[in-house]
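Trainee: Pasting a structure here, questions to come.
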Amino acid sequence: MAHTHQHEHQHQPEHQHQHDHADIDWAEMAPLLEGEAELYTPLYTRAMAWLAERVTAPGLVVDAGSGPGVLSGLLADTFPTARVVAADGAAPLLERARARAGRDGYADRFDTLAGELPQVLDGLDYPADLLWASRSLHHLGDQRAALAAFAGHLAPGGTLAILEGGLPVRFLPRDLGFGRPGLQARLDAAHEETFARMRESLPGSVAVTEDWPALLTAAGLKHTGTRSFLLDLPAPLPDAARAHVAASLTRLRAMAGDTGLDAGDRATLDRLLDPGDAAGVHRRADLFLLTAHTVYTAVRAD
């Protein structure tokens, strides 16, 4: 993969990672990624509070796959005495992360590393007390080897926290009042197929059972905790969340093309995305956002 940034991929449309830098205009993408992460901040804040109960006064916190640095900022807030390093393969996103650090007052203890995971972590000055990887791991071809590399950059007693899996996002009622009921489940199935193809296409891709506690143990770490965190934005959605849903469905519609969904479902999506349709996502009152993300922690014992 050519980049790893942590907008919260959930095997769902609004969290599409690409794996070819040349195809992406990061300056254009950055505001979308920032808005997405900011929308999910209530979930992330609870995850950080849970982490803070397990990691006390870390000296160095690394955000592996930081993107534009929204979560790097939350890590800086959660651990106010820590130095925070954001690592990502997309330099324009790291520029946004540095700007955010300056605006929010932690630039004096914030650094960036530009390059591909996990190799870029070789640029750390010293081992990390906490290494956070939010939905970046599954965009590395050999996840087992990547976990071992992450573990190798932990200080003795250091914690690796990975955010992977959880529950697919839901924002549509089962019956929309038009089209065939159950559209969201079929969108999930189409996206799972796309995600599987993405995994298979990664350089050095290795199939692995995604038993994260077992993989963390195999990396030489002691699995210390697993917890899922809910994001529940009920109807009616605020404008930012509504725009996020519309963008998510737009990406899904493009991803599905003319093969991933039948003609009826494509027509339903087109109607949902029509700003002038009262039953579309831009205007309907029953739109919501509900999902859960799972965090796994493990400690280097030696």
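Trainee: Send over a whole-number figure in Å² for the accessible area per residue of region 114-204, probe 1.4 Å.
Mentor: 38
Trainee: Given GLY115, ALA90, LEU131, which one lies farthest toward the positive end of the charge dipole of region 89-140, if we put +1 on the Cβ of every Lys and Arg and -1 on the Cβ of every Asp and Glu?
Mentor: Comparing the listed Cα positions along the dipole, ALA90 ranks first.
Trainee: For the chain, what % of the accessible area comes from carbon and sulfur atoms, probe 1.4 Å?
Mentor: 54
Trainee: Still on this structure: Against the longest alpha carbon principal axis of the chain, how many degrees, from 0 to 90 and to the nearest 10, is the axis of helix 41-52 turned?
Mentor: Between helix and principal axis, roughly 30 degrees.
Trainee: Report for the chain the percent antiparallel among DSSP-assigned beta bridges with both residues inside it, nearest 5.
Mentor: So the antiparallel bridges in the chain amount to around 50 percent.
Trainee: While we're looking at this one, here's another question. At 0.36 nm per residue, minus the direct Cα-Cα distance, what do THR217 and THR81 gain on full extension? Give it in nm, one decimal, please.
Mentor: So the extension gain works out to 46.0 nm.
Trainee: Springs between alpha-carbon pairs under 10 angstrom, Gaussian network model over the chain: which of GLY65, GLY177, GLY166 fluctuates most?
Mentor: Of the options given, GLY177 has the highest mean-square fluctuation.
Trainee: Charges at C-beta only: +1 for Lys and Arg, -1 for Asp and Glu. How large is the resulting dipole of the chain about its Cα centre, in Debye rounded to 20?
Mentor: It comes to approximately 620 debye.
The values are calculated or read from the model by the stated rules, or taken from the named source; none is laboratory data. For clarity, every value in this text was computed on a predicted model and none was experimentally measured. Don't worry about glycine lacking a Cβ; one is built from the backbone with ideal geometry, like all the others, and counts go over all protein chains shown. For accessibility, only protein heavy atoms count, side chains too; no ligands or nucleic acids. Shrake-Rupley method; radii C 1.70, N 1.55, O 1.52, S 1.80 Å.
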